[in-house]
Amino acid sequence: MAIAVSGRWTRLRTLGRGASGAVVSLAEDGASGELFAVKTAAAAEAAMLRRERGMMSGLSSPHVVPCIGGGDGPDGSYNLFLEFAPGGSLANEVARDGGRLEERAIRVYAADVLRGLTYLHGMSLVHGDVKADNIVIGVDGLAKLADFGCAKTMDSERPVGGTPAFMAPEVARGEEQGPAADVWALGCTVIEMATGRAPWSDMDDVLAAVHRIGYTDAVPEVPVWLSAEAKDFLAMCFARNAGDRSTAAQLLEQPFVAGAGHEGQGRAAEAQVGLSEEHTGRRILGVGDRRRGGRRDNREPLR
């Protein structure tokens, strides 16, 4: 449930830093004691966060991180308030699981992201930068789309953006960036979950990788150990012609994700308990113990 941030809040620790220089911190509201995340950009980049808040305003989906407010800092900086995701990023989860996830967990997270994308695309929005670093795990254990810095409306003439290794061919060529580009990026994220690496990681030259994506017939290499269902799913994500690519809604009906669901409770709740006790000396009410398929349950809380 989203919280209301009062005028008094305190930064507790740094959670991460974005490519644009924005800093994400864990914060505590002075009135309620609730934890939330705050993304801060210096004055020179403040407009970027104001735009991101505008893109997120009005969105309401269990698979999208809620924006709970924002405001200017005294030095001209801008603070974007977001619901705290105690499980960290999906990239963190892959690292915690030894560098790759088991297929059962990949199915569940891929289904979560597809539901988020189906919602966004239904709102005529494109995320524009789907990857494991931009997907977080909430207290409910669900994967949620985050970081809307590259998001845009479908009719926007804003230049294409995103992370080169996750770009669809049409994006790499600078032609368009529609919902189909998010689907390609999801396929790349599945590869990332399965290998612990971004696609095209064998190429040191970013420009050469972008050229290969945009102007050859290459598609990301699929791990041989994945099931036939997973490989079929990825083939649909990696159709090089954007018009031939399945939509997020269509992919939700594919066997690879159709039966994916959540089982119990796990690390996200453990992490929130650990963080709340570490920083506030108390547990957060209502936090259970959630376990998900494909995840080991005997690990320490995230610190």
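Bear in mind that the values in this text are calculations on the coordinates, not laboratory data. Note that the structure is predicted; figures quoted are calculated from it, not measured. Please note: Cβ atoms are built from the backbone with ideal geometry, for glycine as well, and neighbour counts cover all protein chains shown.
Note on the range 90-258: Rg/Rh from C-alpha atoms, Kirkwood Rh, equals 0.93. The residues neighbouring P159, those whose beta-carbon lies less than 12 Å from its own, together hold a net charge of -1 under the Lys/Arg +1, Asp/Glu -1 convention. Annotation: for a label point projected 7 angstrom from Cα along Cα→Cβ of E221, no residues of the range 93-128 have a backbone N closer than 12 Å. Each principal axis of the Cα cloud of the range 1-157 was evaluated for its coordinate range; sorted largest first, these ranges are 47, 38, 27 Å. Here each label is just a point 7 Å from Cα along the line to Cβ, and for R51 and M203 those points are 2.6 nm apart. The gain in end-to-end length when the R8 to D244 segment is fully stretched comes to 79.9 nm, 0.36 nm per residue minus the alpha carbon separation. For the range 9-82, the Kirkwood hydrodynamic radius comes to 12.6 Å, computed from all pairs of different C-alpha atoms. Rounded to the nearest 0.05, what FRET efficiency do R17 and R104 give with R0 = 30 Å and r taken as the Cβ-Cβ distance? Could you check? Between R17 and R104 the formula returns 0.40. Within straight-line reach of K231, meaning a Cα separation under 27 Å, sit the following lysines at least 8 residues removed in sequence or on another chain: K131, K144.
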